[in-house]
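The values are calculated or read from the model by the stated rules, or taken from the named source; none is laboratory data. Keep in mind the model is a prediction, meaning the values are calculated, not measured. Here the Cβ is made from the backbone with ideal geometry for all residues, glycine too, and neighbour counts use every protein chain on show.
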Amino acid sequence: MPDCSYIYLKLTGDFDPTTVAASIPVAPYESWAKHSRFPDRQIQKSSILKYSRYDTHAEIPDVYLLSEKLVDALEPHQDAIARAIQEHQMQCCLQVVLLFTSDDSLSTPIIGFSERVTRFLGTLFASIDIDTYRGEPTTGEQDASSNGG
């Protein structure tokens, strides 16, 4: 289970992560090559590049805020990302992981996307995947923080 809520853009497919990452002017914060083996995971069935992870430890995560911060970081590189997706026949997905309290007196997460965010995702032909978990964030921080460009 995650220790906070977060959001990131994920590119997947059958490609060389080093080559593709070099064609996009912002560095991924994490990448895996197809057929890589990790001690805590099965063998990778596809290559993966993850961009612009934003975390929040807020009790009530705000997807609007997190997704706007992600687009702020990636929108200047939108054309390069779109070109790489097309050239390497990759799939693009906005990954949203929500950890929210089991305290029934608090609201559930604020889930939604602005027109700007949906336009950005549409340009990349991106899907949206939202995973939810019940638990308690590790701290009460309110601001989103980035773990990579």
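Can you tell me which residue among Ile110, Ile85, Ile60 is β-branched (Val, Ile, Thr) and touching a helix residue (DSSP H, G or I) at 6+ places or on another chain (Cβ under 8 Å)? So that I can check it myself, show each step before the final result.
Values: Ile85 fails: touching a helix residue (DSSP H, G or I) at 6+ places or on another chain (Cβ under 8 Å); Ile60 fails: touching a helix residue (DSSP H, G or I) at 6+ places or on another chain (Cβ under 8 Å).
Result: Ile110 is the single residue among Ile110, Ile85, Ile60 that is β-branched (Val, Ile, Thr) and touching a helix residue (DSSP H, G or I) at 6+ places or on another chain (Cβ under 8 Å).
Given the residues Leu70, Leu94, which is the only one that is within 25 Å of Gly135 (Cα to Cα) and in a strand (DSSP E or B)?
Values: Leu70 fails: in a strand (DSSP E or B).
The conditions single out Leu94.
Could you list, in sequence order, the residues of region 100-119 that are of a type in the set (S, T, N, Q) and assigned to a loop (DSSP other than H, G, I, E, B)?
Going through region 100-119, the residues of a type in the set (S, T, N, Q) turn out to be 101-102, 105, 107-108, 114, 118.
Those that are of a type in the set (S, T, N, Q) and assigned to a loop (DSSP other than H, G, I, E, B): Thr101, Ser102, Ser105, Ser107, Thr108, Ser114.
Kindly list the number of the only condition in (1) under 28 Å from Gly135 (Cβ atoms); (2) surrounded by fewer than 13 Cβ atoms within 10 Å (Cβ to Cβ) that fails for Thr12.
Result: Thr12 fails condition (2) only.
Being under 26 Å from Asp3 (Cβ atoms) and surrounded by 18 or more Cβ atoms within 10 Å (Cβ to Cβ) is the requirement here; does Leu121 meet it?
Details: under 26 Å from Asp3 (Cβ atoms): no; surrounded by 18 or more Cβ atoms within 10 Å (Cβ to Cβ): yes.
Here the answer is no, as Leu121 does not meet what is asked.
Of everything in region 19-37, what is surrounded by fewer than 14 Cβ atoms within 10 Å (Cβ to Cβ), over 15 Å from Gln89 (Cα atoms) and among the hydroxyl-bearing types (Ser, Thr, Tyr)? Give them in sequence order.
Ser36
Among the numbered criteria (1) of a type outside the set (S, T, N, Q); (2) modelled with pLDDT of 95 or more; (3) in a loop (DSSP other than H, G, I, E, B), which single criterion is violated by Asp79?
(3)
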